[in-house]
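First up is the structure itself, then whatever we jot down about it.
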Amino acid sequence: MYVLQVTPFLDLSTQTPKYRKNRKIYFQDPLIFHCFSGKNNSIGDNFYFESKRLLNNPQDKSKLVEAVVGAHIKRYSGECYYWKGKKEIDFLARQHQKIMYVEVKYQGQIKPSDFNWCSNILPGKNKLVVATKHQFLQRKDLCLIPVPLFLIQISSM
């Protein structure tokens, strides 16, 4: 029924998925998430109040935004993975024989220095794209872009 999106682990050294490792699971659609959340919290069929409560909580809202970004990446690239070592990269997607690295940080302020670790992890001249709430920054190894702009231009990346 395409309710859930399963995101497997990708080994960066071999660039192959490892299906036996842990996977990340996301709801494909925020409406489906709110329906399950409402039923799980015993509020009946009035999902409006549960949705409002979740969207007023910054942590829950950022998880929902991460799921939306993941669904868009999967839709446009066909393949979507994650990587985790000491740090984590939320989404890796193959496009045109290259891998796109995407981290979702839907919060007020982000320091580019928080991502200095990625230059040691990412092979070659690859860039980490960080989908943010408001910030925009372009560097040779890092790109901060607001989530709405990222979602608009994902088909051309």
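The values are calculated or read from the model by the stated rules, or taken from the named source; none is laboratory data. A quick note: this is a predicted structure, and the numbers were derived from the prediction, not measured. Using ideal geometry, Cβ is built from the backbone for each residue, glycine included, and neighbour counts are taken over all protein chains shown.
Here are the numbers:
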quantity	calculated
Members of segment 116-157 found to be modelled with pLDDT under 85, among the hydrophobic types (A, V, I, L, M, F, W, C) and either within 18 Å of Leu12 (Cα to Cα) or in contact with a Pro (Cβ under 8 Å, 6 or more places away or on another chain) (or both), listed by number	Ile121, Leu122
Pair list, Cβ < 6 Å and 6+ apart or interchain, from segment 49-74 residues that are modelled with pLDDT of 90 or more to residues that are among the aromatic types (Phe, Trp, Tyr)	Ser62/Tyr106; Val65/Tyr106; Ala67/Tyr26; Ala67/Phe27; Gly70/Tyr26; Gly70/Phe91; Ile73/Phe91
Checking Lys86 against (1) surrounded by 13 or more Cβ atoms within 10 Å (Cβ to Cβ); (2) within 17 Å of Cys118 (Cβ to Cβ), the condition it does not meet	(1)
Count of residues meeting criterion [over 22 Å from Lys133 (Cβ atoms), in contact with a Lys or Arg (Cβ under 7 Å, 6 or more places away or on another chain) and surrounded by 21 or more Cβ atoms within 10 Å (Cβ to Cβ)] in segment 61-83	0
Complete set of residues in segment 104-157 that are surrounded by fewer than 11 Cβ atoms within 10 Å (Cβ to Cβ) and part of a strand (DSSP E or B)	Gln138
Residues satisfying the stated conditions in segment 93-103, i.e. surrounded by 14 or more Cβ atoms within 10 Å (Cβ to Cβ) and in contact (Cβ under 8 Å) with a residue 24 or more places away in the chain	Gln95, Ile99, Met100, Tyr101, Val102, Glu103
